[in-house]
Structure formats: C-alpha cells, structure tokens
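**Q** Before anything else, here's the structure in question.
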Amino acid sequence: MGMIGRMGVFVGIILFILSFALLSLSISTPLQFMALGSLALLIFILAAFLNRQRTDKKNIYYPLAFQHIASMCEVALFDTKGQLQLSTKGPAYLNLSDFARKLFQKIQPSEASAKLQEALETQQYCDVLVNGGGNGLGQFEKWWMVRVFPHQKSLGVAVVDVSQPVGNFNQLQQSYNALEKFIDSAPFGLYYTSRSGHLVGLNATFANWFGKLKEELIGRRVSDILNQSNDGWVTLHTDPPLKLYHILNGSANLVFRMPVQSLASVAGSYLDTFEKEALPALKLNKAGHVIAMNAAFRHMIVEYLEINDLHVFTDIVNEGQRSDIHKKIQKLFDSMHNQQPFEVRFSDEKIHTTAYASRIDKDTALLQFIDISEQKRLEQQFIQSQKMQAVGQLAGGIAHDFNNLLTAMLGFCDLLLQRCIPSDPSYSDVMQIKQNGIRAANLVRQLLAFSRQQTLQPKITHITDVLAELTALLRRLIGAGIDLQMTHGRELWPIKVDASQLEQVIINLVVNARDAMGQEGKLIIKTSNYHSSKVTRLGHDMMPKGDYVLIELQDTGHGIEPENIERIFEPFFTTKEVGAGTGLGLSTVYGIVKQTGGFIAVNSSITPPTGTIFKIFLPRFQGEEIVEFVVPETPTTDLTGGGKILLVEDEDAVRLFSARALREKGYNVTETSSGDQALDLVKNGERFDLLITDVVMPKMDGPTLSKKIKDHYPELKTIFISGYTEDTFRKNLGHDAKIHFLAKPFSLKDLAAKVKDIFNA
C-alpha cells in the first residue's frame, strides 16, 4: 500500500472515531447504543476482510511475477558473503563462486568477460554483452546480456539470452558487407541523390575517379562535382574533366567510363567489359539457357568441366541443386526485385560459389559468382578438428573410468598371487588375468596419449642421441629386406620431450612404413633444424613461427589414399586388414606430439606411388641446459611400514583393494568415499600421517580436499592417484614438495613402494 493510501486509512479512522463519539453523546436508549455498536463491528470486519484480500493478492502476485521473470531471463540473488538467497533456477548453484564458474564455462574470454569477472569479485554494478559457443565461423554462437546490480545487502545477477536478435543482426551485417564489397568493386560508378540534389551514397569506383574517399564526397551537391546533359552523358569535374555515359533510374545513377562514341559502339564496349570482368559471370535467358559467359567463368571451371558445348546452365550444377537453382532463376524473371545471394555447387562439389543474380532486361539475367571453395575447405577442416577434439575428450573420459577398473583388477590379482604358490593350478590362471590387464592398461595409455592426457616426464634431450639408441631396434623391426638410412643434421637444437614417448612415436611410424612397403623398400629418417618465419598451416593445425627440430620419415610404400589422409589420426581408424592393427598407432603419435607442443604433417602420393613422408616439428628448447645426474634406483624389498593413512576414493573396488593392500603391509588405514567425509574426520580432530586421494571425485575433488585439510595440518603429505596426467592439476597446487603422484592403473607393489618411500623421506 502506498503512502497516500496509508494516510487515507489513517484519516478515515480518525473521522470514524470522532463521528462515533458525537453519535454516542446523542444516544438516549440502549437499543440505539446496540445499533451503533453493531455498525462499528460490521465496519471493522469489512476493513479486516479488505486487508486480508490485499495481502492474499500480494502473496499471489509475487510468485506469479517471479515466474514471469524466470520465463524471460535467469536471475540469482546472493548475500554479501556470496551465499545463494534466491534463484529462478532453484538451488542450481551453491554460492556466487559456483555461479561464476558455471557462467564462465559457457562464455568466451574477452574484455567484456574480464569486466564481468571483476564486477562479480568486487560486487560492483556491471552491464555487459558476452558470447560463447559457435563453430569459429560466426555461426551457432550464443549471446547473453549480463547485469550485476548490488541491492542493499545483496548482490543480484540477471542473465538474458539475446542470441536470436544478435545473431540476426550479425547475419544481416555480413550480407550487407558482402553486398557493399561487391558494389565497391564494380567496374561502373554508382551514386544516389536526395531530393535536394545532394549525394547521399556512392561506390568506391565513383569516388576513385575523383581521387577521393567516399566519405569526402557524401553530402556535396551533385552540381558541384558533375554536369549532366540531355544525351545521356555526364562530365565529372576532375582534372582533366572526365566524360562518362550516364543512366538515370530515379535517385540511383549508373555511370560507365568510356570514350566519346556512338551508342552503337557503347553496346560493344559493354560486351567487352563483360568479357574482361574480374568476377566469373554469365548471362541466361528465361529458360535457363546460357547466352554468354565471360573469361573468368570459363577459367574457374575449365579444370573440372568441359564447357565448350554448354547450353543449359543447370547441366553443370550439382545434381542435388538443379531443381532449386532452376526455381530461383524463374523467380528472378517473375519478380521485379533481385534475388538474395545463393550458393551454387559445380561438378562433384569441387567448386563452391556464392551467386549474385540480377536482371539486365525482361528477357536476360546476369549471374556473377564469388568462389568460396577455399572457405568451404577450411570449414570442413575446422569441423574435422572439432571432431578430433571431441573424440579425444571422449577417449580421455573412457580411459579414466577404465583405469579405475584396471586398478582394481590388477590389484586383486596381486592379492590372489600373494596367497598362491607357482605350483598351484590357479596361479597360472591369475597370471593370465594380470597379463591381459597389463595389455589393457597399455591400450588405455594409448587412448590417453591421443587425448593428450598422458603422464609425461619431459627432459632436455638431443634427438640424435635418441635415434642412435633406437637404430638397432628399428633395424630388427623392419627386417633385412628394407634399407634403413639415417641422416643426422649438424648442430641440432635441444628439445624438451619425454624420451620414452618420443621413441614410441618413431617406432609407431616405422612399423607403419614397414607395413606399407612389405618385404622390400627404403626407409629414410632425416633430422634438421627448421626455422619458420611465418605462421604455417599443417593439416588442421596452424604452426606458429619460431625454431623447431624437424624429423622426417620417408618410405617407398604404396602411399595413402587422399580420402584417408583426413582420418589417419582418428582413433581406431585403420586401412589394414581385420586383426592386423588396433588403429591406435597414428592417433598415439598425434597425441604425444601435440602434448609435447609439437606439430605433425603428412604428404603422400599414390599416382605415381612415391611413398609417404611424415614430418614432426618439435619446438626448440630456449632455456639453459641442466646436466642431470641419474642416481641408480635401489630395489625396495621390504615394503612393510607403519603409520596412519587417510584413503579417499569414490570408486569402491579401487578403495577396497588399496585399503586392504596397505593394511596387509602394516599401515592403519581409514577409508572414505568422498571428500566431505574425509574433511569431517579432520575437523573432528582426527590426525593422519599421509593422505591418499583420487583427483577426480564428485562434489569435492582431490586438490580441493588437500588444500582444505592443509588449513588444519600444513605438514601433511599427500599422494594423488589418477588416470589423468599430473600436469592437469599440478599447476594449480604450485611446487609443493609434500605433493606426490601415482598414476592409475597401479599394482600392489607400486602403491606399497610409493607409500614406503614417502614415509622414509
């Protein structure tokens, strides 16, 4: 109720009391007094009823209003400590930090997103437009208007999806830019005038005749820059003056540059202009028959089509488009307006163009084409790159879950083997299970390599030393019939790689080359320094300029089919016979090279069969070389020990095996299935000598748990166990010497030895 309403009620109550008092003075009988009292009671009941109705409307209105807001946008309200008070999505967020994390996962980094992040951190007002998603070509993007507004002791955030209007605007802007570029490059001048005789628009060709920019001429009077005559000619006030043929159509004016000549020769000159036009173009009649085509059009398709006897335009159009293109041409003649640009694909889709159609007269139409074949090729490459990335993420996720299963399988095999003796009939069965589990672990390791989530131990290395140690092994792999030649570059730059993984890359490529050559052939491995002075395209990747060490492997095999080159790095893709390979060799190569920071390219030819060349570019190490002294490891025979260990693992099988294995070695193990349970134990006063936790867990992950526990016990040592690479979380923890890592899948011995080493350190 507003201020005026409350004042009205107050005045009404005062007047009612005064009136009641005056009336009571004039009452002379009990019956009159009872009547007056009944009237007062009825008025009081009516007032209470009206107030109840107002409250009910308020209670109904607020939820309806909130539901109406939720249908238009997303609104969340937080207190000064960042805790969620109210949200149109219900309890979708734990707090302001959780809301910001989920929001920034959707949007792309930009100045606007940085401003938004600062506003959320400082709880200041902010109103920004941010975007996210899309395919990198301006398509399928999502746009949001985000407003951050402090309100009393709260902070509100409103997120409105504005993708449709912004997307429509971008599409309109792209169409306008394409049309403006087309008009500016036209071989004729074009200008528009207002009713007052001033220039309101013109193309670049017209402005160039004056040696000026378009902006310098807009707004000037037409009579100041040219003179018109009644015979269709205009004279431009240039130095020297320029006489041009002029066509007037309302406020739009076309000006053709040509010498003074008869109108008959003007037509011939127009045909000459059409023939020499830079844009591919052709003329059609209403039936779709080709009247004329210029040299640029013939040059565009001569490589793919025989056009000497072309009569019907749609004969050279892709078969799936012919009906649609024919309808567009008919519609062009049936309408007075030009068609919107449309896509035309020629031959077997090797040529992609955007066609601009216009009518010359009632019987003739002009089609001009812009070749977008390269753009389409780049789009396909981008889609393929996204596909590879998605497959890599999927492979990494599968590998993580599979590593948990393998850890439990191998672990329980170790526990069984401890109770069996080699003469036991079941001993060999358990060993078979374990060996197959190890083979599965190697397969998972290849998947992790493809998804670039493999644990690497990079060191400063010289490629010559790596290849020298591999030479003997490579000769045994390829057999006596294949000639192996190695050419080492001089003064090669150092690189920082995991030597064992680089060896795996070379071995995989050599095995593929051997299979391509058969029993005889030549395999050449060359190394050299390579300097890239500009950004270079290598397949789907763009290699930055800089210094690289180049490794080339060239074979004399049968080559790779062109349609297969785009897919050779995909996991499980192989051209070999069933059972001859897993299809993970080249995908492993690709993953290791990319995780090392390098690039890989392939060139192959099957007509004539000149073999295949793989080129690996590894970035030059620019820092100071550190000489490392390798201390030989002493095998640990006694793996028993003592101490109190907190084991946190959400996978039941892995937790049961790890806890049982450590207890059998003498340790006191407390196990939990979540980070919250482990943190509650520490908060209740429990003390531990060592924390063993999985990295990826629901609700609270391992690194977060470690940080919170160290707030209570800073000296506590931690072992992280994960199927992912150590680098994915190590960078968030800093260089803490008390943090250790154990990769899944691990055996009983691996776990016990790691714990023993930490307690002895």
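The values are calculated or read from the model by the stated rules, or taken from the named source; none is laboratory data. Note that the structure is a prediction, hence the values are computed from the model and not measured. Neighbour counts are summed over all protein chains in view; Cβ atoms, including those assigned to glycine, are modelled from backbone coordinates with ideal geometry.
**Q** Which condition does Asp694 not pass, out of (1) within 36 Å of the chain's Cα centre (by Cα); (2) more than 23 Å from Phe759 (Cβ to Cβ), if it passes all the others?
**A** (2)
**Q** When you scan the range 249-291, how many residues do you find that are over 18 Å from Ala186 (Cβ atoms) and at pLDDT 80 or above?
**A** Adding up the residues that qualify gives 8.
**Q** Here's another thing I want to ask about it. Quick check, is Tyr176 of a type in the set (Phe, Trp, Tyr), in contact with a helix residue (DSSP H, G or I) (Cβ under 9 Å, 6 or more places away or on another chain), exposed (fewer than 15 other Cβ atoms within 10 Å of the Cβ) and at negative phi? Reasoning before the result, please.
**A** Details: of a type in the set (Phe, Trp, Tyr): yes; in contact with a helix residue (DSSP H, G or I) (Cβ under 9 Å, 6 or more places away or on another chain): no; exposed (fewer than 15 other Cβ atoms within 10 Å of the Cβ): yes; at negative phi: yes.
Answer is no for this residue.
**Q** Separate question: What residue, among those in the range 542-558 that are without any contact (Cβ under 8 Å) to a residue 60 or more places away in the chain and buried (at least 20 other Cβ atoms within 10 Å of the Cβ), is farthest from Thr461 (Cα to Cα)?
**A** Gly557
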